[in-house]
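S.K.: Pasting in a structure now, in structure tokens, and then I'll have a few things to ask.
The values are calculated or read from the model by the stated rules, or taken from the named source; none is laboratory data. Remember, it's a predicted structure, so these values are computed and weren't measured experimentally. Here Cβ is always computed from backbone atoms with ideal geometry, including for glycine, and neighbour counts include all displayed protein chains. These area figures cover heavy atoms from the full protein model, side chains too; ligands, DNA and RNA do not enter into them. Shrake-Rupley method; radii C 1.70, N 1.55, O 1.52, S 1.80 Å.
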Amino acid sequence: MEKMLQDRRVYELLEKVDRDLALRAQTEGCEHCGGILHRGDYTRKPRGGPEWDKRRSFCCSREGCRKRKTPPSVRFLGRKVYIGVVVVLVSAMMHGLSRGRVKRLCHSLGIDRRTLQHWREWWVGTFARGRFW
């Protein structure tokens, strides 16, 4: 897994998927009034991967509506500060990890062991009970 997280191609794929999701969301228009959507990205400072500084988002152009539409993302996982792929992969692997593996992951990702535990709790709890799953 550590090698996969260091592979530039993984991050390029995630960027492409996010671009495709954003294009689809923009093409669909505003969910509230059908208006045209303009780019209204917002800044992010995710940890655990490349320095992606923008999350794609849109804002309705129609006066009186101006509702925001933020498409799903494979790079960003809700309000988590670590990039989505790191949270998902590490959380999924937490069950059955050896102490040595946890130590290497913490060192290579620059995170605390407790963060890994929080991710695991999220993965088996909140995520598993969520609408998506």
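S.K.: So which pairs qualify, if the first residue must be in region 17-29 and among the basic types (Lys, Arg), the second must be surrounded by 12 or more Cβ atoms within 10 Å (Cβ to Cβ), the Cβ gap must be under 9 Å, and the two must be at least 6 apart or on different chains?
M.R.: Between residues of region 17-29 that are among the basic types (Lys, Arg) and residues that are surrounded by 12 or more Cβ atoms within 10 Å (Cβ to Cβ), the close pairs are 19/56; 24/71.
S.K.: While we're looking at this one, here's another question. Within region 60-82, which residues are buried (at least 18 other Cβ atoms within 10 Å of the Cβ) and touching a strand residue (DSSP E or B) at 6+ places or on another chain (Cβ under 7 Å)?
M.R.: 60, 69, 73, 75, 76, 82
S.K.: Something else: Scan region 19-47 residue by residue and report those that are aliphatic (A, V, I, L, M) and loosely packed, with under 14 Cβ neighbours inside 10 Å.
M.R.: The initial filter retains those residues of region 19-47 that are aliphatic (A, V, I, L, M), namely 21-23, 25, 36-37.
Within region 19-47, 23, 36 meet the criteria.
S.K.: Taking region 2-18, which residues are open to solvent by 100 Å² or more (accessible area, probe 1.4 Å) and at pLDDT below 80?
M.R.: 3, 6, 8, listed by residue number.
S.K.: Taking residue 107, is it open to solvent by 50 Å² or more (accessible area, probe 1.4 Å) and at pLDDT below 70?
M.R.: Numbers: open to solvent by 50 Å² or more (accessible area, probe 1.4 Å): yes; at pLDDT below 70: no.
The answer is no for residue 107.
S.K.: Looking only at region 54-85, how many residues end up being part of a loop (DSSP other than H, G, I, E, B) and either modelled with pLDDT of 90 or more or more than 12 Å from the chain's Cα centre (by Cα) (or both)? Walk me through how you get there before you give the answer.
M.R.: Of the residues in region 54-85, the ones part of a loop (DSSP other than H, G, I, E, B) are 56-57, 61-67, 70-75, 77-81.
Right, trim to either modelled with pLDDT of 90 or more or more than 12 Å from the chain's Cα centre (by Cα) (or both) and you get 56-57, 61-67, 70-71.
Matching residues across region 54-85 total 11.
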